[in-house]
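These notes concern the structure reproduced below.
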Amino acid sequence: MKFKLGDICSRLSSGKGISAKLIDDVGKFPVYGGNGLRGYTAQSNFFGECAIIGRQGAFCGNVRYFSGEAYMTEHAIVVCANKDNNTRYLAYLLGIMKLGRLSGQSAQPGLSVKTLAQQDVDMPPLEQQRKVAKILATIEKKIELNNKINENLEQQAQAIFANMFDESNTTQATISDVSLNVTDGVHNTVHDDPEGEYLLLSCKNIKGGSLNIGTSERRISRDTFEKLRRRTKLSKGDVLISSVGTIGELLLLNNEPLNYEFQRSVAMVKPNPSVVSSAYLYESLLSNRAKLINSAHGAVQQCLFISDIAEFPIRIPQQDILSEFDTIVTPMLDIVTANENENIKLSQLRDTLLPKLMSGEIDVSDLEF
């Protein structure tokens, strides 16, 4: 049956503002804003389960499901289904509605709670909602498990990096000194081909050291891809940095990027293997990520210029210690990559099943849980 979104919610409202001074990299409760997780804080203003809709910023209209206790900022719209509906199902449904199209046509896109409340939503019987949500949640739990494993491995890698390198066995340099090339991606004016076999990714696809690919990315033709690839030459071992909007997200390309290219909102650093390894460059940037972010420019939208990245300081290690580091850390990063590859496939499976389950094309009435 069709309903107005506002009629099936027990809550549909934005969170509250919080001072940036109260947000840290660690803390008791996560803080969610318009672009997702902002950090952590000691206080909370929400407990339960909900859909979080990005109200402003680069991720305006994006939807994520949340369960637990957190602080929701004024840029996050909190959506809770009433007792006759399933909140997780509602989050999945909102996620395929392309809510970003409802944002105002201003310099800073924004979603109105009032506008959202008037949107039509098609809600099947509650038991069907629960079954659909259960199927999709099973896939997402595996993704979450892989993410936790990767987070743990990355923490170990960072601890090893901090323990092995200091001023006594490294010399000061810049990114340009240890790289073969530092450049940005391709212009956003590249012609899309909905049937194209190659992906054109942006800064939104890089988050927390992972490459997040679903089924809705921009696509380009083989001819376009080949022309672009001659320019940027992405290859295994490159380090990518989100340089516009949500800046400072890092990704180590640990397998050959055979079927994707990146937009200009992403910068590429190609390490010089005679000076540093890919693993060392990535872990070094990760350990200095806060400084990298602070070197950005812009009042309305933060931006890292290629010159900022090229001149960013990095220490060159002694080769014998670098070799020992690579022997320990490279296998760990290989596991991270394998988990990320599995997550991409799981995300694509989830995104493929989602509309089929929502429309009833896949019948779940006989399933038992």
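For the reader, a short list of remarks on this structure follows.
- The length gained on full extension between Asp363 and Asp320, counted as 0.36 nm times the residue separation minus their Cα-Cα distance, comes to 9.5 nm.
- Virtual spin-label span in nm between Thr171 and Asp223, 7 Å along Cα→Cβ: 5.0
- Under 5 Å, built H, 5+ apart or other chain: amide partners of Ser14: Val78
- Segment Leu126-Ser67, extension gain: residue separation times 0.36 nm, minus the distance between their alpha carbons: 19.3 nm
- Table column - 3J(HN,Hα) (Hz), the stretch 148-164, Karplus curve with 6.51, -1.76, 1.60, x for Gly and Pro: 5, 4, 5, 4, 5, 5, 5, 4, 5, 4, 5, 5, 5, 4, 5, 7, 8
- Percent antiparallel among DSSP beta bridges (both partners in the stretch 173-287, rounded to 5): 80
- Fully extended contour minus Cα-Cα distance, from Lys236 to Glu197, at 0.36 nm per residue: 12.1 nm
- Long-range HN-HN contacts of Asn169 with modeled amide H, under 5 Å: none
- With the simple model of a label 7 Å out from the Cα in the direction of the Cβ, Ile135 to Ser274 spans 5.7 nm.
- Basic side chains Lys and Arg get +1 at the Cβ, acidic Asp and Glu get -1 at the Cβ, and with that the dipole of the chain about its Cα centre reaches some 1160 debye.
- Solvent-accessible area of the chain (1.4 angstrom probe, protein heavy atoms only): carbon and sulfur portion equals 51 percent.
- Dipole of the chain, positive end: most advanced residue of Ile96, Ala173, Tyr282 [Cβ charges, Cα centre]: Ile96
- Cα shape, the stretch 213-307, gyration tensor, a/c 1.5 rule: oblate
- Counting every C-alpha pair in the chain, the share spaced more than 38 angstrom apart comes to 22%.
- Using the Karplus relation 6.51 cos²θ - 1.76 cosθ + 1.60 with θ = phi - 60°, the per-residue 3J(HN,Hα) values for the stretch 38-55 come to 9, x, 9, 8, 8, 10, 9, 9, 8, 9, x, 10, 6, 9, 10, 10, x, 8 Hz, with x marking Gly and Pro.
- FRET efficiency for Phe305 and Gln348, using Cβ-Cβ distance with R0 set to 45 Å, rounded to 0.05: 0.85
- For the chain, accessible area per residue (1.4 Å probe, heavy atoms of protein chains only), Å²: 50
- Label-point separation, Asn188 to Lys114 (7 Å along Cα→Cβ), nm: 2.8
- Prolate/oblate/rounded label for the stretch 131-184 (Cα gyration tensor, a/c 1.5): oblate
- Each peptide among 22-33, 357-368 gets the average number of other Cβ atoms lying within 10 Å of its residues, and from highest to lowest they stand as 22-33, 357-368.
- When the Cα positions of Leu333, Gly48, Gln348 are compared along the charge dipole of the chain, Gly48 comes out farthest toward the positive end, with charges on each C-beta of Lys, Arg, Asp and Glu.
- For the stretch 74-210, size of Cβ-based charge dipole, Lys and Arg +1, Asp and Glu -1, in debye: 820
- Protection proxy ranking of 201-208, 311-318, by the mean of other Cβ atoms within 10 Å over each peptide's residues and highest first, is 201-208, 311-318.
- Relative to the Cα centre, the charge distribution of the stretch 214-369, modelled as +1 at Lys and Arg Cβ and -1 at Asp and Glu Cβ, gives a dipole magnitude of about 840 debye.
The values are calculated or read from the model by the stated rules, or taken from the named source; none is laboratory data. Predicted model only: the values in this text are computed from it and were never measured. Heads up, the Cβs are rebuilt from the backbone with ideal geometry, glycines too, and the neighbour counts pull from every protein chain shown. For the accessible areas, the whole protein counts, side chains as well, though only heavy atoms, and no ligand, DNA or RNA atoms are used. Shrake-Rupley method; radii C 1.70, N 1.55, O 1.52, S 1.80 Å.
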